[in-house]
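Encoded as structure tokens, the structure appears first; notes follow it.
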Amino acid sequence: MTSAWCLLRRDTGAVVVEDLEIAAGFWSRFVGLQFRASLKPGAGLLLVPCSSIHTFFVRFPLDVVMIDERGTVVGARRAVKPWRVVLAARRTHAILEMPPGGQEIAAGTTLRLARGDGTASAPPAAVAFLAEV
């Protein structure tokens, strides 16, 4: 997975995901991480809109971060094993899936989207809520 996008903490600018894949269409959200062998450290998949996930046919554990429409983390689950269902916290608009063991992202943390390749193009409409204000 190679992406021009990354996800940062709005308060410190620290990188949360350096290689962010955005799944905003029906098919990309439906397939998600199913059947992939792994997810590289520093990579992540942002499912938007999304209010719950399952890890059926996902071969590895995931850290799951629930994000509201303002880019604020409203919940997180660490090391979710394959063959599980995760019901999201209230107000969840998007879900970030990452490999386990990365930095812990607490509820209340605000995230923002940034270009990882240095270009200045606008973000996809589905993730405009994460754009810099």
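Any read-out appearing in this document is the output of simple, stated calculations on the displayed coordinates, not a laboratory observation. This structure is a prediction, so every number in the text was calculated from the model and none was measured.
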Item to check | Rel. contact order, % - alpha carbon contacts under 8 angstrom, at least six apart, the chain | outcome: 28 percent
Checklist entry - Measuring from centroid to centroid over Cα atoms, what is the spacing of region 56-125 and region 1-42 in Å? => result 8 Å
Checklist entry - Once fully extended, how much extra length lies between Phe60 and Asp117, figured as 0.36 nm per residue of separation less the alpha-carbon to alpha-carbon distance? => result 17.7 nm
Next on the checklist: Can you tell me which of Glu21, Glu97, Glu69 moves the most in a GNM of the chain? Springs connect C-alpha atoms under 10 Å apart.
Outcome noted: Glu69
Checklist entry - Using modelled backbone amide H atoms (1.01 Å from N, in-plane), which distant-in-sequence or interchain residues come within less than 5 Å of Arg84's amide H? => result Thr55, Phe56
Checklist entry - Per the helix-only calculation at 222 nm, which mean residue ellipticity applies to the chain, given -39500 (n - 2.57) for every DSSP H run of n ≥ 4 and division by its residues, nearest 500 deg cm²/dmol? => result -1000 deg cm²/dmol
